[in-house]
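Engineer: Questions regarding the structure given below will be posed in turn.
Values in this text are rule-based calculations from the coordinates and carry no lab data. Bear in mind the structure is a predicted one, so any value in this text is a computation, not a measurement. Note that we place each Cβ from the backbone using ideal geometry, even for glycine, and neighbour counts take in every protein chain shown.
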Amino acid sequence: MTDLAALVDRPGDWHLHTDYTDGQATVADYCERAVANGLEFLVFSEHVRRRLDYDYGALRTDVEAARETFDLTILLGCEAKTLDTDGRIDAPPAVTSVADVVTGVFHSFDGDREDYLRAAAAMLRNPAVDVWGHPLLFAERRGYELTDAELSGLMAAAAEGGVLLERNRRYGLPPSRLVAVAPDYGVDFVVGSDAHGVSRLLTKERLAYERAWLAQQS
Ligand SMILES: [Zn+2]
Ligand SMILES: [Zn+2]
């Protein structure tokens, strides 16, 4: 098992999409750019769903080949949406059992505000989930204003589940209110570009900017 906590303070990008799904670059393209950008690791958090329409095994093979070629820590990941108030995610066991990093998110979700909060807390306690990707994107899109108590409840769930929170550069999330609460619960942040092409891959400067922003809010 990969020790994700050991990567938290190292320069890397936790959120990438390749041309296996809606990205424009290959695993090797990102690795090449990562070396140029001075990064030490990458997480290929590729979109998955229970019925996959591409070959996740081929992505895994690409990642394994890249490990041989590049002087980088290269992690096989997946990004899966939360399905229900039990916190189940839309990923097949064949994927979650081999992925080094499982990122749980909300994209579409069938339910009201209460359901969303229950589902988010349950997803954060789901032992399969390692990272909460673009936190509160769904809440923002629905216009949910979460109370301090609700934010604290989510951070308590993240702490219990040992889940890392993503600072997502593409969406500029989570909002500062959530970042401010996280340290009280010992919840750590990682930074992801949510890149769909190499130009969006984190650089050391972008990473420093996001970390400084995180430090200012907490
Ligand atoms: Zn997403
Ligand atoms: Zn994504």
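Engineer: With a 10 Å Cβ neighbour count serving as the proxy for reagent exposure, in which order, fewest first, do TRP132, TRP213 appear?
Structural biologist: Ordered by Cβ neighbours within 10 Å, fewest first: TRP213, TRP132.
Engineer: Hey, another quick one. So what is the 222 nm mean residue ellipticity for the chain from helices alone, if each DSSP H run of at least 4 adds -39500 (n - 2.57) and you divide by all residues, rounding to the nearest 500 deg cm²/dmol?
Structural biologist: -11000 deg cm²/dmol
Engineer: May I ask you to list the GluC sites (Glu not before Pro) in the range 116-218 that are in a DSSP loop and have at most 13 other Cβ atoms within 10 Å of their Cβ?
Structural biologist: GLU145
Engineer: Let me ask something additional. Sum up the charges of everything whose Cβ sits under 14 Å from the Cβ of SER152, counting Lys and Arg as +1 and Asp and Glu as -1, but leave SER152 out.
Structural biologist: Here the charged neighbours net out to -3.
Engineer: Which whole-angstrom value gives the distance between the alpha carbon centres of the range 108-181 and the range 3-32?
Structural biologist: Distance between centres, Cα-based: 22 Å.
Engineer: Once the Cα atoms of the range 41-119 are picked out, what are the Rg and Dmax in Å?
Structural biologist: 14.5, 48
Engineer: Report the relative contact order of the chain, percent, no decimals, based on alpha-carbon pairs under 8 angstrom and at least 6 residues apart.
Structural biologist: Contact order relative to length: 22 percent.
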